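Heads up, the thing below is written out as C-alpha cells.
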Amino acid sequence: MAATQEEIVAGLAEIVNEIAGIPVEDVQLDKSFTDDLDVDSLSMVEVVVAAEERFDVKIPDDDVKNLKTVGDATDYILKHQG
Amino acid sequence: MSSTNRTVVVTGIGATTPLGGDVASTWEGLIAGRSGVRPLEQDWAADLPVKIAAQIAVEPGEVIPRPQARRLDRSAQFALIAAKEAWADAGFTDKAGDDTSVDPDRLGAVIASGIGGVTTLLDQYDVLRDKGVRRVSPHTVPMLMPNGPSANVGLAVGARAGVHTPVSACASGAEAIGYAIEMIRSGRADVVVAGGTEAAIHPLPIAAFGNMMAMSKNNDDPEGASRPYDVARDGFVLGEGAGVIVLESAEHAAKRGARVYAEAVGQGISADGHDIVQPEPEGRGISHALQNLMDCTDLAAAEIMHVNAHATSTPAGDIAELKALRKVFGDDTDHMAVSGTKSMTGHLLGGAGGIESVASILALYHRIAPPTINIDNLDPEADADIVRGEARKLPVEGRIAALNDSFGFGGHNVVLAFRTV
C-alpha cells in the first residue's frame, strides 16, 4: 500500500536523523536538506538510497538535484512510489 | 637536512590505545605494566589461526557523534580523538585562526597509517556483493584513502601549511613525526600536528599476517602473547589506536607561553635494501638510520638514557635492533634503558610510531621508563639493558634523551630522538 504524505515525512525524518543527527521534529516540509538539515551532497545520496528502499521508489541521479526540500522529496515519492 | 635549523619542541600529546581512551589512562597502564591484549570474541574470529588482539579500550563511537563517525574510517576516528586531545593539551582553544595564537597558513598536519581505511574497503565490498551497487556508501572514497586521517585532522585544526601522509608500513607513524619536524625546521610551518593511527583488526588482515607466520598464535594466553626479548616469543599481536603530538618551533612555543614536554631533536632514516618483509639480521639498515640521526643532529650518545624499541616480539627483528644499537653506540648502549612497550599495547602498525613517541616523551618528562612485560626467560642474544617487568626510574638530574625506533615491511627504518628541556 502506498505511503501517505504524513508517513513519507515521518520516514524521511527518521532517515535524516540517522544520517545527519537532526532531531526528527525539525524535519518539516519546508526545510532545505542542505541549508537547514546539514545534509551535504554526499549525504544526500545516502538519504536518497535509504528513501528508495523504504518507499519502493526509483530516484534517478538526474532527479536528485531537483529535490531541494523535504517537501520536494515527499511530492516526488508520492508521485513515483510503487 | 634543515635550512634554518630551528629548534622543535613538543607542546601537546594525545592518544587512544588498547590501554586507555586518552594519554593519562594509557600512561598509567604502561607504567603499571598492564597488557591490553584480549581474546577476539567476534564470530568472525572463530576460524582464524589468531584469536587475540589489542583492541581499543574506549570505542570511538562513545566519543564522536554518530553523524560524524559514520563518515570516518575507524583509523580516522582514532586519529581525530588523539589529535583533539593533543591540540587541547597544547593549549589551543579553537581551530587555527579562531584561536589567534596560531596562523592557519603556518600550521600543518602529518598523520600516517600503515594500511589506510582497510575496514571501510572490505566492509563496502561486502555491501557491494550482498546488497548491490546502489548501496555502496558515497563516503567510501574519502573514508578509505590513506590520507583520510591526515585530511580530517587537518580540517579539524584548520591546517593550511600542508597536510601529508607518508606511508612506510609500521614505520609510518614515526615517519610522519619526522616529516613534521622537518616542516618546522625548514621554516615551512610553525606548528604541526603529527602522528600515526591504525585500525586493521578485521579477519582479512589477521588472516594475511597470520599466513605470513608474523603473528603470535598464543591464543590461550592473550596477556602473555606479546613478549619481546623472551626466548618463547612467536610473533606480534595486532593492536589498534592512535598517538598524535603537537610539534612547534621553540620560538613559537615560547611566544605563546606554551608548556614544553621535550625537544624533538630529529630523525634518522634509512632503508635496508635487503628483503620485502624480513629484517636484515645484523641490523645494518637500522645502524645506518641511527648513524644518520647522530650525524644530522647535536645528539650525544652519552645523553641517550632510554630507547623505546621497535621490539614487536618477532624472533628475528627484536635482536637485529639490539645489534644495531650496540654497533653504533658501543659501550654507551649499557646506560640505555630499553623498553618494548608493544608487550602491553600490541603492535599498532602505522600507529606504533605515534603512541610510542607519546610514551618516549612522557618517559623523559616524568623520567621513568615503562617496562617490557612477559619476559620469563630473557633471550641470551638480547645484548642490552632491557627494562623487565617493572617501570624503572631514569636519571633525575641533567639533560637526557630518548630514542623511538620504528621499522616497517619494505625495509623502512625511522629513528626519532627526543630530549628533556
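Throughout, read-outs are computed from the coordinates displayed, never taken from laboratory work. Fair warning: this is a prediction, and the values are worked out from it, not measured in the lab. All Cβ positions, even for glycine, are placed from backbone atoms using ideal geometry, and neighbour counts span all protein chains on display.
Straightening the chain between B:Ala208 and B:Lys327 buys 39.5 nm, computed as 0.36 nm per residue apart minus the Cα-Cα spacing.
Summary of the geometry: the range B:263-321 and the range A:42-58, compared by the centres of their Cα atoms, lie 53 Å apart.
As a proxy for reagent exposure, B:Tyr365, B:Tyr125, B:Tyr179 were ordered by neighbouring Cβ count within 10 angstrom, fewest first; the result is B:Tyr125, B:Tyr365, B:Tyr179. Annotation: amide H of B:Val8 within the under-5 Å range of B:Ala250, B:Ala264, sequence separation 5 or more or interchain, hydrogens built in the peptide plane.
With contacts taken as Cα pairs under 8 Å and at least 6 residues apart, chain B reaches a relative contact order of 23 percent. The H on the amide N of B:Gly239, modeled in the peptide plane, is under 5 Å from the matching H of B:Ala54, B:His347, B:Leu348, B:Leu349, each at least 5 residues off or on a different chain.
Given R₀ = 30 Å, what would the calculated FRET efficiency be for A:Leu29 paired with B:Lys131, taking r from the Cβ atoms and rounding to 0.05?
0.50
Normalised by the number of residues in chain A, the mean separation of alpha-carbon contacts (under 8 Å, six or more apart) gives a relative contact order of 37 percent.
Using the Cα centre as the reference, give the magnitude of the dipole from point charges on the C-beta atoms of the range B:107-230 (Lys, Arg: +1; Asp, Glu: -1; all else neutral), rounded to the nearest 20 debye. For this selection, approximately 580 debye. From the residues B:Thr345, B:Leu364, B:Leu325, which one has its Cα farthest along the dipole of the range B:318-394 in the positive direction, the dipole being from +1 and -1 charges on Cβ of Lys/Arg and Asp/Glu about the Cα centre? It is B:Leu364, whose Cα lies furthest towards the positive end. Given +1 at the Cβ of Lys and Arg, -1 at the Cβ of Asp and Glu and no other charges, the dipole of the range B:267-419 around its Cα centre is 460 debye to the nearest 20. The magnitude of the dipole of the protein assembly as shown, with charges of +1 and -1 set on the Cβ of Lys/Arg and Asp/Glu and taken from the Cα centre, is near 880 debye. Annotation: extensible slack from B:Lys393 through B:Glu62 equals 115.6 nm (criterion: 0.36 nm per residue apart, minus Cα-Cα distance). Stretching A:Leu78 away from A:Asp63 to a fully extended chain increases their span by 4.0 nm, per 0.36 nm per residue minus the current alpha-carbon distance.
Counting neighbouring beta carbons within 10 Å and listing from fewest to most, the residues B:Lys393, B:Lys84 come out as B:Lys393, B:Lys84. Normalised Debye scattering of the range B:267-419 at q = 0.14, 0.17, 0.21 Å⁻¹ gives log10 I(q)/I(0) of -0.60, -0.91, -1.49, counting only Cα atoms as equal scatterers and leaving out solvent. Put simply, the amide H of B:Asp99, placed in the peptide plane, has neighbours under 5 Å in B:Asp94, leaving out anything fewer than 5 places away on its chain.
Identify, among B:Pro222, B:Gly108, B:Tyr261, the residue whose Cα sits farthest towards the positive end of the charge dipole of chain B, taking +1 on the Cβ of Lys and Arg and -1 on the Cβ of Asp and Glu, with the dipole about the Cα centre. Final value for the positive-end residue is B:Gly108. Residue-wise HN-Hα couplings along the range B:282-291, as the Karplus relation 6.51 cos²θ - 1.76 cosθ + 1.60 with θ = phi - 60° gives them from phi, are 8, x, 4, x, 5, 4, 4, 5, 4, 5 Hz; Gly and Pro carry x. Counted by neighbouring Cβ atoms within 10 Å, the residues B:Arg188, B:Arg227, B:Arg284 run from fewest to most as B:Arg188, B:Arg284, B:Arg227.
Compactness of the range B:8-255, taken as the C-alpha radius of gyration over 2.2 N^0.38 Å, stands at 1.05. Using just its DSSP H runs of length 4 or more, each adding -39500 (n - 2.57), the protein assembly as shown gives a mean residue ellipticity at 222 nm of -11000 deg cm²/dmol after division by all residues. For Cα pairs less than 8 Å apart in space and 6+ apart in sequence, what is the mean separation divided by the residue count of the range B:40-167, i.e. the relative contact order in percent? After rounding, I find 31 percent.
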